[in-house]
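Throughout, read-outs are computed from the coordinates displayed, never taken from laboratory work. It should be emphasised that the depicted structure is a prediction, and the values quoted were computed from it without experimental measurement. Glycine gets a Cβ as well: all are built from the backbone with ideal geometry, and neighbour counts include every protein chain shown.
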Amino acid sequence: MLKERGIDPQLADYFREAARFRPGVQVVTLFVNGSKRGRADARFNTKGDLCFEVGLLDKGGLIVPPQLKKVEKPASAPAAPATTTTTTTGAPGCFDYKEAFPQTQVELRPGKEEVALVVPTDALRPTEDDFAGYSSGGTAAMLNYEILGVNSKFAGGGSRFMSGNAELGFNFQDWIVRSREVYTAQDGKSQRQHVYAYAQKTLMDFRSILQTGQINIANSAVSGGSITGAQIIPEGALMSLNRNNVMVEGIAQWQARVEVRQAGALIYTTVVPAGPFALSDLPLLNSGSDLEVTVVEATGAQRRFIVPAASLHSGSLGSQRGYSFAVGRQRSLGGSTARQPWIVTGSGGWKIGKDSNANAGLMAATSYQAGAWGMDTRVFNSTSVSLQQRLSNATGEGVHGTQVSLSSSSLLSTSISGSFSATQQTLGYRDLGDTIVDTPANAGDLQHNRYRGQYTASLSWSNATMGTFNVAYSRSSLFSGVSTQRVTGAWGQTFSFGTISFNVEHNLGNNGNTDSNSSNTVPVNTFYLTLSIPLGQRNVRTYVNNSSGYKRYGASYNETINEYANYTVSAERNTQSQETDLSTQASILPRYAQVNLGYSRAGSGATAMNGGLRGGMVLHQHGLTLSPYPIQDTFGILSVGDESGIRVSTPYGPVWTDPWGQAVISQMAPYASSRLEIATKSLPRNVDIKNGYKLVEPGRGSVNFVTFDTIKVRRILLNTKGADGNPLPKGAFVLDAEGQFVTTVVDDGQIFLINGVPNSKLEVSLPDGKQCSLQFELPSRADPNMFFETAEARCGPTLQVQLQKATYAQL
């Protein structure tokens, strides 16, 4: 039957017993007792049998037998990252796991590149040791930088602003060391602010993180502060906790600079275009302090509003389980001269039943004591509620009080959701930060400077026909009776021609509507009506804006040129001044950094130019590598041979290899799988890659070196003829010098070699049982622009070829 189909029957001998993997290291998907353990490197012997090695057992969470440890783990050998292959160089043979655990069953699936193992339960590592498969170790230094410059000119003056944000540190043996500096300069005045410097390591046995240095107390119960000391907190990544997403929303009248501060420190600044904006993924110092947001317009006007700390949780069951402990001395930020007392605090978080968490904590400092308790719970599977109470005793002032916070979010139906938060406190309540600064001498001043309550509420409704509606309200009141209120609303709907959205903002109250340092009045009422029309890689947006009784009309055009660059051009007509405003913004990703450039002109009297540069760099054992993205606490370096310009998809975004074939994996989720994938179209034509897909499972703080093995191949199409001058028969198969199967002969005697080597010894096994040797000549160097080469080949008797070679050598 094989002969009738043109296939040499000798192929059946090769695959007679079962499907076989080719000898050597192959990348396979590993299954253990029916559970998928991810991609792993597996070695097979010449018979196609699986050779068990330490790296494979680590990946599968299996116990390593003592006899294998002696062979594979010399005492001086460093731990290998999870993505590299542990080899058995010098090993006497191929270890079979059945020698240690006879009940082991091995199922090989070459067609699917899978290996399935069924092992006895005593071969599985205990749960507490099941983190051995995550990579650890590695050493590298890093630098993150972000530079922003704004030059504004307006009627009667001008302003120059520049900020520089630098984070410097290194990773060593899973220790994370970081230091952050912020520099700002405006109109000839500059300020340098040291934000923090700390060291951190995950303690796997305790599922906790140890931090020491200039840190922020991450206490889940008592409102913390910035200290110089040490703390132990739960490792959320090992507990599969969801991270709270904090978002700051607002509307900018013109192109504006937005600054976000927490506890007096500038934690984030950016430039936004005119219209609604939303900032997310902010680098919070803690979850117990309000956010102060300042919007600096291109005209010089400033507007400030507060995002209450109670809204940072929104009843999302975010309490950490486990225990926290911190000790240190209060640290002042921003050049403050506040007192610096010693602080000791501890808290615990526990799971109660299926849908509830509870936490409690205590804090003691010089002239200050505090306690807190709280609970998160889920009701009716669609509503989450969070209640927190804090008690304080400020012995220095002789006052005590309490603060109660309640927040909730609910999915009322499939189309309606809502949330609210409320914080109420008594006159005598003090946070730790309130006690380290001098307080006013009279109660009247104290009332003017303290909040009585903060409240937020939002409601969303979505309908396929009507669109999506959202209304949000926030209110803050002081003990003096003064209050500020803010209402925002939004509606949006997508039609066949584009998307229409409507945003409105209304400020209430008698304070916060003007800036004490500016004569510009911040509008009380603002709305935006926007139409967005997508045109493939382009987008056209038109809008009308009503601000304090007068309208502005505008249009913008955005185009994504390629994955490296996009730009936006906008024009706006002001009906009050009868002037036209222009602006343009460009974002460029030149492979190793991110660049933002912008220009705006408000009428004839105000102009602003801004420019930004951000990225990172890593110094490691193989050199210095640049990154267009900030480096996080868990990162890596990938290499693709020595090929430059190769595009690789990473969890944070695409990166490109530098002239040395290296790129930075700027961010990887700890104790989870991170996917890396090469865009094969970016490879040169004469380069093949063994596996363009990798799964990395890093431990926190590890530096992961991931290698994509490349082969500079010579694809060769041989037009062969036998000794009789006729093409070789279809179905005959080709063997290499070791007698391993390479490929088969196809129509017209053609043989396609995926990786041909000049002067390589190839034998053809003919259907009649005889063999002949292929003879062909190739240029010494391949053409990198050719996908394959073509050559003529003749197949002659093996003995005759050897005699001819000997004669040729004598001549």
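Relative to the 2.2 N^0.38 Å rule of thumb, segment 687-730 has a C-alpha radius of gyration ratio of 2.31. Straight-line cross-link partners of K770 among the aspartates and glutamates, defined as a Cα under 13 Å from its Cα and at least 8 positions apart when in the same chain: D8. Protection proxy ranking, highest mean first, for peptides 550-561, 704-715: 704-715, 550-561, where packing is the per-residue count of other beta-carbon atoms within 10 Å, averaged. Under 14 Å of direct C-alpha separation, and excluding same-chain neighbours fewer than eight residues apart, K681 reaches these aspartates and glutamates: E643.
Find, to one decimal place in angstroms, the Kirkwood hydrodynamic radius of segment 648-777, where the mean of 1/r is taken over every pair of different Cα atoms and then inverted. Averaging 1/r across every pair of different Cα atoms and inverting gives 18.0 Å.
Step through the table entries K59/K690; K36/K712; K201/K351, compare each Cα-Cα distance with 30 Å, and write down the pairs that go over it. Those over the limit are K36/K712. Shape summary of segment 97-238, radius of gyration then Dmax from alpha carbon positions: 25.4, 88 Å.
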